[in-house]
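What follows is calculated from the coordinates using simple rules that are stated; it is not laboratory data. Please read these numbers as outputs of a predicted model, since none were measured by experiment. Virtual Cβ from ideal backbone geometry, glycine too; neighbours counted across all protein chains shown.
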Amino acid sequence: MAIMITDECINCGACEPECPNTAIYEGGAQWRWADGTTLKEVAVDGGQVVSGTAPQTPVSDEYYYIVSDKCTECMGFHEEPQCAAVCPVDCCVDDPDYRESEEKLLAKKDWLHAS
C-alpha cells in the first residue's frame, strides 16, 4: 500500500527530501510525474497520455501530501518508509485506499526509475 499524510501534519517538511521517488509535495504545490523519476510520458485513467513534465493538480492545499501513484513505500531503497521514520508527529501512515503487494511496489519502483 502507499503511505498518506494525515491532516495532523504540521507542515515541517521533514518528509519531502527523504522520498526516493519525489512523491511528497508541499500543500498547494503542483506535482509532476517526472519529478525524481525517469518518466517522460504516462498513460493516465481513460488511456490519455500526459507529459511527465506536465503540472498536475495538488492533492492537498493545506498540508504536505503524497502522490500515491508514485509512492513505493521506499521498497527497493530502504527497509521502511522514510517519510514515516522522520515524521515528528507520526502523520505518515498506511493509506487504506492503496493496498499493494511488495511485488507491485517493486514493479512500480522499476517503472518509475527505468533505465
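The list [x] 26; [y] 16; [z] 64 gives values of percent of Cα pairs over 25 Å apart, and only one came from this structure; which label was calculated from it? Read-out from the structure maps to [y].
Listed values for segment 100-115 are Karplus-derived 3J(HN,Hα) couplings in whole Hz (6.51 cos²θ - 1.76 cosθ + 1.60, θ = phi - 60°), namely 9, 6, 4, 4, 5, 5, 5, 5, 5, 4, 5, 5, 5, 10, 4, 6, and x replaces Gly and Pro. Pop the C-beta distance of VAL93 and GLU26 into the FRET formula with R0 = 22 Å and round what comes out to the nearest 0.05. Taking R0 as 22 Å, the efficiency between VAL93 and GLU26 is 0.70. Here the Karplus curve 6.51 cos²θ - 1.76 cosθ + 1.60, taken at θ = phi - 60°, turns the phi angles of segment 37-48 into couplings of 10, 9, 5, 9, 9, 9, 7, 9, 3, x, x, 5 Hz, with x standing for Gly and Pro. Using a Förster distance of 22 angstrom, determine the FRET efficiency expected from the C-beta separation of SER101 and THR38, and round it to 0.05. Result of the calculation: an efficiency of 0.45.
Charge tally for GLU26 (other residues, Cβ to Cβ under 13 Å; Lys, Arg +1; Asp, Glu -1): -4. Applying the Karplus relation 6.51 cos²θ - 1.76 cosθ + 1.60 with θ = phi - 60° to segment 10-27 yields 3J(HN,Hα) values of 9, 6, 6, x, 4, 6, 3, x, 7, 6, x, 10, 6, 9, 10, 9, 5, x Hz, where x marks Gly and Pro. From the largest down, segment 10-76 spans 36, 29, 17 angstrom on the principal axes of its Cα atoms.
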